[in-house]
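**Q** If you scroll down you'll find the structure; I have some questions about it.
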Amino acid sequence: MPIIPDQPSELILTESRTMRAQTIERTDVLDKVKALALLPDGAHATTEIVAGYYEVDAEVIKKTVQRHREELTENGLRVLRGEELSAFVGDNLSLSPNARKIRNLSLFSRRAILNVGQLLTESDIARQVRTYLLEVEEQAAPEVRSGAADLVALAESRMRVLKAAAGIVDAAWLETKARLVAARALGEEPEVDPLDAPLYVPDFLKGKGLNRRDIESVQSWFGRRAASLYEAEHGEKPGKRQSDLPNGSVRETYAWTQRHMPFFEETWDRYYAAQFPTQLDLGGAA
C-alpha cells in the first residue's frame with residue numbers, strides 16, 4: 001500500500017474526524033456501492049459481514065475497531081455479552097453452527113459500517129464509498145464549496161510534492177508529514193501517533209539545559225553518535241528527511257521521531273552527561 005494515496009482527497013477524509021462526522025448520516029451510499037447484507041434484524045452486521053462487504057480479512061476490521069473504538073462506538077458499534085447476547089443470538093443466529101460457542105459479539109449499525117469505510121485504506125470498496133461521500137460534500141453551498149476547494153487544491157499540490165519524495169526521504173516521516181498537510185487543510189489537529197511526532201536534536205539538548213552556544217557546538221556530533229547507536233542495533237542508519245535552513249537552502253537530516261528517544265538518552269548518558277553536569281541537573285528537575 002502506498003504511503004501517499006493516488007487521490008489525496010481520500011486522505012483528507014480518512015484523516016479528518018470532522019469530515020467523517022459531516023458525512024456519517026449518508027448510509028445510503030453503502031447500497032450504491034455494493035449490496036449490503038445484514039443480520040435478520042435488518043439493522044446490524046457482524047465483524048465477518050463487514051469484512052465481507054469491504055472484501056478484507058476479518059482481522060483488518062478488528063484492527064480498525066481497536067484503533068478507532070471510541071468513534072465507532074459513537075456511531076453504533078456494540079459488543080453484546082451475557083443475557084443480551086443470548087437473546088440476540090436466539091433471534092438472529094440460532095441457525096449458526098457455532099451459535100452456542102459465541103461468548104461476545106460485535107454488532108455494527110449501518111452508521112458504524114459506513115464509519116469503517118471512512119477509515120479503511122486497504123479496501124477498494126471503502127475507496128468507492130469515500131468517493132461517493134466526497135461527491136455528497138461537493139453539493140454543499142457554493143461559498144462553502146469554494147473555500148473548501150481552495151484548501152483541497154493546496155493540500156493536493158503539497159501531497160504531490162510529498163509523493164515525489166517517496167523513496168528519497170524516510171517513509172515514516174513522509175507519512176506523518178502527509179497527515180499534517182491533510183489536517184491543516186481542514187483546520188484540525190492531525191490524528192498522528194504521538195510516537196511519530198518529530199524529535200529534534202536542538203530541542204532535546206535545550207531540554208537538558210544547554211545554552212545556545214553549547215547546542216550549536218554539540219548538536220552535529222550528537223546526531224552522528226545517536227545514528228551510530230541506532231545503526232549498531234538495527235544494522236542501518238536512520239531514515240533521512242529534508243530540512244529548510246534559515247538561509248533558504250535545504251539539507252538532509254536524520255528523521256528522528258519520539259520513538260528514537262531511547263537512542264538520544266543513551267547518547268546523552270554516554271557522551272555528554274558528565275560534560276554538562278549542571279545542565280543534567282536542570283534536565284532532571286524539569
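**Q** Which entries in K206/K240; K62/K208; K62/K237; K63/K208 show an alpha-carbon gap greater than 30 Å? Before the final figure, lay out the partial values.
**A** Numbers: K206/K240 22 Å; K62/K208 42 Å; K62/K237 34 Å; K63/K208 38 Å.
Pairs exceeding the cut-off: K62/K208; K62/K237; K63/K208.
**Q** Here's something else I'd like to know. Quick one: M19, M261, fewest Cβ neighbours within 10 Å first, how do they rank?
**A** M261, M19
**Q** Between E231 and R103, what length in nm is gained on full extension when 0.36 nm per residue of separation is reduced by their alpha carbon distance?
**A** 41.4 nm
**Q** Given H placed on each backbone N at 1.01 Å, which residues far from L105 in sequence or on other chains put an amide H within less than 5 Å of it?
**A** L80
**Q** Taking the simple approach of a point 7 Å from Cα along Cα-to-Cβ for both K206 and E265, what is their distance in nm?
**A** Each label point lies 7 Å from its Cα, and together they span 2.2 nm.
**Q** Taking the highest mean first, how do the peptides 114-120, 226-232 order by number of other beta carbon atoms within 10 angstrom per residue?
**A** Result, highest mean first: 114-120, 226-232.
Values in this text are rule-based calculations from the coordinates and carry no lab data. Since this is a predicted model, take the numbers as computed values, not measurements. Cβ sites come from the backbone with ideal geometry, for glycine too, and all protein chains shown count toward neighbours.
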